[in-house]
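Presented below is the structure to which this report refers.
The values are calculated or read from the model by the stated rules, or taken from the named source; none is laboratory data. Please read these numbers as outputs of a predicted model, since none were measured by experiment. A quick note on method: Cβ atoms are made from the backbone with ideal geometry, for glycine too, and the neighbour counts reach across all protein chains shown. Heavy atoms of the whole protein, side chains included, go into the accessibility calculation; ligands, DNA and RNA do not. Shrake-Rupley method; radii C 1.70, N 1.55, O 1.52, S 1.80 Å.
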Amino acid sequence: MGTTGPLAGITVVALEQAVSAPMCTRTLGDFGARVIKVENPEGGDFARHYDDVVGGLGAHFVWANRGKESVALDLKTPAGMTALHRLLDRADVLVSNLAPGATAKLGISPADLAVSHPELIAVEIDGYGAGGPLSHKRAYDLLVQAESGACATTGRPGAPAKAGPPIADVCSGLYAALSVMALLHERARGRSDGPAAVAVSLFDTMTELMGYSLTYTRHTGIDQEPVGMGSPAVAPYGAYATADGHTVVLGTTNDREWQRLARELLDRPDLADDARFATNSGRVEYRSALDAEIGAWCARHDLAQVQDSADAAGIGNARLNSPSDVLAHPQLTARDRWRRVDTPGGPVPALLPPAVLSGYEPPMGAIPALGEHTAAVLAELGISDEGEVL
């Protein structure tokens, strides 16, 4: 593989905002692709300004845009579109997540690109997919989590909640990146040439993530109630307060683990022998009684005692951490998961991407200032600073 990455030599042009498409292109960049982010000169990607906590930049933007080159182009002008098409002449992939119909108005929809740039892989991430009654609607992570039923499975009965991380955005970006890699592989094997298009919608992504819930409801007619820090499918599986003011999370996934939890951790053979709790379906039915017993035991022990005893019994466990706790997490420190990334406001720590490839260190490039690379990239394209085609 070498040190340049499996996608070295691949150029990705991004017309992107917020999180979904930026996560797609950042992932491709993490594997070595060159990512050229085309931004509106008037403010750029609006995620730049969600807040200003990272040296004047938004935390979302810094998270999702490392290692990219920012080129500021006004696509409402002929000069801007000329520059974009010259970029696309040299690119392998175009990724966009603009408002519904925006790429068609610009003349760069997948159908347009199949004619003007037939070798380009065109990726569009949208809210609801084409051809349905919601296709015209704007879609943000919270809206799609609500529309897909995810909020109704999160939180507590009568108090639905959004999952904290933007899972619709992030997972859509990852599905898009995976699709790009599949198409690049197909081309590298000589199995395909000519136009290729990828369409990923946030709604389709979220309904896929809702697979268990939708399957359960289809075959039972029951909308399962959310159970907070737990799962409606498994018990015991939840969070319990400890004697020293922490919260421990304990989980079992089968009857053998339940038997070990009852006999070895709780020292309660009576619970292990209780017919109500013999199977997972019974434990789910009597979840409240079971949680009360486990909660009472945890409340008499400190967190470290609970976790040590759970480890000894082979029971899955974790500590409920805050983001502040995770920043100092020893598992990240011991495994050297933090790197320094440059930003216009100075260097900041950033986590390595999750995939660890043998012999490859991800580039972890800088966060670009708006338009930082415009002149250099236009020069590559034979365009002067004044927009004159040379």
(message) Pairwise over distinct Cα atoms, reciprocal of the mean inverse distance: report the Kirkwood radius of segment 42-149 in Å, one decimal place.
(response) 16.0 Å
(message) How long are the semi-axes of the equivalent ellipsoid of segment 104-182, defined as square roots of 5 times the Cα gyration tensor eigenvalues? Whole Å, largest first.
(response) 32, 15, 8
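Compute the length gained on full extension between SER358 and ALA99: take 0.36 nm times their separation in residues and subtract their Cα-Cα distance, giving the result in nm to one decimal.
Once the chain is fully extended between SER358 and ALA99, it gains 89.4 nm.
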(request) Work out how much length ALA199 to ARG90 would gain on full extension: take 0.36 nm times their residue separation and subtract the Cα-Cα distance, in nm to one decimal. (result) 37.1 nm
(message) Can you give me the angle between helix 167-188 and the longest principal axis of the chain, using Cα atoms only, in degrees from 0 to 90, rounded to the nearest 10?
(response) 60 degrees
(request) Give the angle, between 0 and 90 degrees and rounded to the nearest 10, that separates the Cα long axis of helix 20-30 from the longest principal axis of the Cα atoms of the chain. (result) 80 degrees
(request) Note down the Stokes-Einstein diffusion coefficient of segment 140-280 in µm²/s, whole number, using a Kirkwood radius over alpha carbon pairs, 10 °C, and 1.306 mPa s. (result) 86 µm²/s
(request) Assign unit charges at the C-beta atoms only (+1 for Lys and Arg, -1 for Asp and Glu), then state the dipole size of the chain relative to its Cα centre in Debye, rounded to the nearest 20. (result) 360 debye
(request) On a 0 to 90° scale, report how tilted helix 211-220 is relative to the longest principal axis of the chain, with both axes built from alpha carbons and the result rounded to the nearest 10. (result) 50 degrees
(message) Can you compute log10 of I(q)/I(0) for the chain with the Debye formula, treating each Cα as one identical point scatterer, at q = 0.09 Å⁻¹?
(response) -0.67
(message) Mean-square fluctuation check for the chain, GNM, Cα pairs under 10 Å: which of ILE108, ILE315, ILE222 is largest?
(response) ILE222
(message) Please compute the modelled spin-label separation between LYS137 and ASP325, points set 7 Å along Cα→Cβ, answer in nm with one decimal.
(response) 3.6 nm
(message) What FRET efficiency comes out for ALA375 versus GLN305 if R0 is 56 angstrom and r is the Cβ-Cβ distance? Round to the nearest 0.05.
(response) 0.35
(request) Determine, from the Cβ-Cβ distance of ARG339 and SER384 and an R0 of 41 Å, the FRET efficiency 1/(1 + (r/R0)^6), rounded to the nearest 0.05. (result) 0.65
(request) Set the Förster distance to 45 Å, then compute FRET efficiency between ARG256 and THR82 from the Cβ-Cβ distance, nearest 0.05. (result) 0.10
(message) Leaving out ligands, DNA and RNA, and with a 1.4 Å probe, what % of the accessible surface on the chain is carbon or sulfur?
(response) 55 percent
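May I ask what percent, to the nearest 5, of DSSP beta bridges between residues of the chain are antiparallel?
Percentage antiparallel, nearest 5: 45.
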(request) Express the accessible area of the chain per residue in Å², computed with a 1.4 Å probe while the remaining protein chains stay in the model. (result) 50 Å²
(message) Using 0.36 nm times the number of residues separating ARG189 and GLU285, minus their current alpha carbon distance, what extension gain do you get?
(response) 29.3 nm
